[in-house]
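Structure first, then comments.
All of the numbers you see were taken from the coordinates with simple rules; none came from a lab. This is a predicted model, so every value here is computed, not measured. We place every Cβ from the backbone using ideal geometry, glycine too, and count neighbours over all the protein chains shown.
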Amino acid sequence: MNSVQGKVAVVTGAASGIGRGCARALGARGAIVVVADIDVAGSHVVAQEIQAAGGSALAVRIDVGEDSSFEELKTQLLAEFGRADIVMNNAGVITRGLPEHIPLEEWHRVINVNLFSVVRSHAAFLPLFLKQGSGHFVNTASFAGLMSYSYDRMPYSASKAAIIQISEGLALYAKPQGIGVTVLCPGPVATNIGKNMPSFGPDTPTRGPGPQFQMRDAQEVGNEVVDAIEAGQFWLPTDYQIREILVSRAADWDAYVDRQIESMK
Ligand SMILES: NC(=O)c1ccc[n+]([C@@H]2O[C@H](COP(=O)([O-])OP(=O)(O)OC[C@H]3O[C@@H](n4cnc5c(N)ncnc54)[C@H](O)[C@@H]3O)[C@@H](O)[C@H]2O)c1
């Protein structure tokens, strides 16, 4: 087991929701937590929460949608701590609309923030981890990247499917070199993600992955993420019932698509 105690751990999107839960869990287990978010005030609040609970934390501003963001973060961490051990690429945004209504610029925005942030992070931190011979990436994907249960958030699900593939490829490459990779695939988790979601075209009914999936608590998910880092676990869904759907889809993909269409009637 790789304890997170004393490790320098960055979490993006840590001012709210799942990122906040992970940052607090890392702090509680003795990591030095870098609370990174575009929401500066929110990241200071979370850093203070960690400190008030007896942990170590530093709030930094990052816009993961900017090309230079992760290189600048790395420079800051090396100046401050001389190393980085855990990088959780968690900041993400969602959008909504029927396929013919979502404008190209919105596709660019979602893919840039959700997917290219992970690309930028790996580009900045993988060379450092390889040099150190250690490190751990956690990339936040989604059930929406594992399967399609709706048709009104395609830029989001496309970005999350790509994050899963990148994470898997990175694990094949980096794990034999001592670097951990975890892909977190959340189902429904109570957070702020839907609050400022842009919407294009007519309203569509909100569809989730299925009634069997209970809304999870972000702090519980944060604790599970730290367990997964310490165990070196690759795939971390927030509900293992997702396996049954994936297995039945793999057995007959056409039947899966037909079942989904039927369930939307
Ligand atoms: N909540 C769910 O049900 C759910 C399900 C599946 C996946 N996810 C994923 O979990 C991750 C965290 O989302 P959440 O649900 O906690 O949402 P949230 O909105 O509560 O938190 C997201 C955080 O990301 C930050 N952020 C947004 N854009 C940013 C940028 N450009 N640079 C830096 N920070 C930025 C926000 O300020 C916010 O603090 C996302 O990647 C999301 O897609 C969430």
Return the single residue from Leu77, Leu172, Leu184 with maximal mean-square fluctuation; model: Gaussian network over the chain, springs between Cα atoms under 10 Å.
Leu172
Of Asp63, Asp254, Asp39, which is the most mobile in a GNM of the chain whose springs link Cα atoms less than 10 angstrom apart?
Asp254
Angstrom value of the Kirkwood radius, inverse mean 1/r, which spans all Cα pairs in segment 43-171
16.1
Over the chain, what is the mean sequence separation of C-alpha contacts under 8 Å (at least six apart), divided by residue count, expressed as relative contact order in percent?
21
Between Gln48 and Ala123, what FRET efficiency follows from the Cβ-Cβ distance if R0 is 35 Å, with the result rounded to 0.05?
0.65
With a ≥ b ≥ c taken as the square roots of the eigenvalues of the C-alpha gyration tensor of segment 165-223, please select rounded if a/c is under 1.5 and otherwise prolate if a/b is larger than b/c or oblate if it is not?
prolate
Enumerate the calculated ³J(HN,Hα) couplings along segment 231-241 in order (Karplus 6.51 cos²θ - 1.76 cosθ + 1.60, θ = phi - 60°), each rounded to whole Hz, writing x wherever the residue is Gly or Pro.
8, x, 7, 7, 9, 10, x, 7, 8, 6, 4
Within segment 152-181, name every residue whose backbone N is under 17 Å away from a label modeled 7 Å from Cα of Ile111 along the Cβ vector.
153-166
Extent of segment 115-251 along each principal axis, from alpha carbon coordinates, in Å, largest to smallest?
50, 34, 29
What FRET efficiency would be calculated for the residue pair Ser56, Tyr151, taking the C-beta separation as r and a Förster radius of 51 Å, to the nearest 0.05?
0.70
How big is the chain in terms of Cα radius of gyration and Dmax, in angstroms?
18.2, 57
Of Lys195/Lys265; Lys7/Lys160; Lys7/Lys195; Lys160/Lys195; Lys74/Lys175, which pairs sit farther than 24 Å apart, going by alpha carbon to alpha carbon?
Lys195/Lys265; Lys7/Lys160; Lys7/Lys195
Given a Förster distance of 22 Å, report the FRET efficiency between Gln219 and Lys175 from their Cβ-Cβ distance, rounded to the nearest 0.05.
0.20
Want the number for Glu72 to Asp258: 0.36 nm per residue separation, take away the alpha-carbon distance, what's left?
62.2 nm
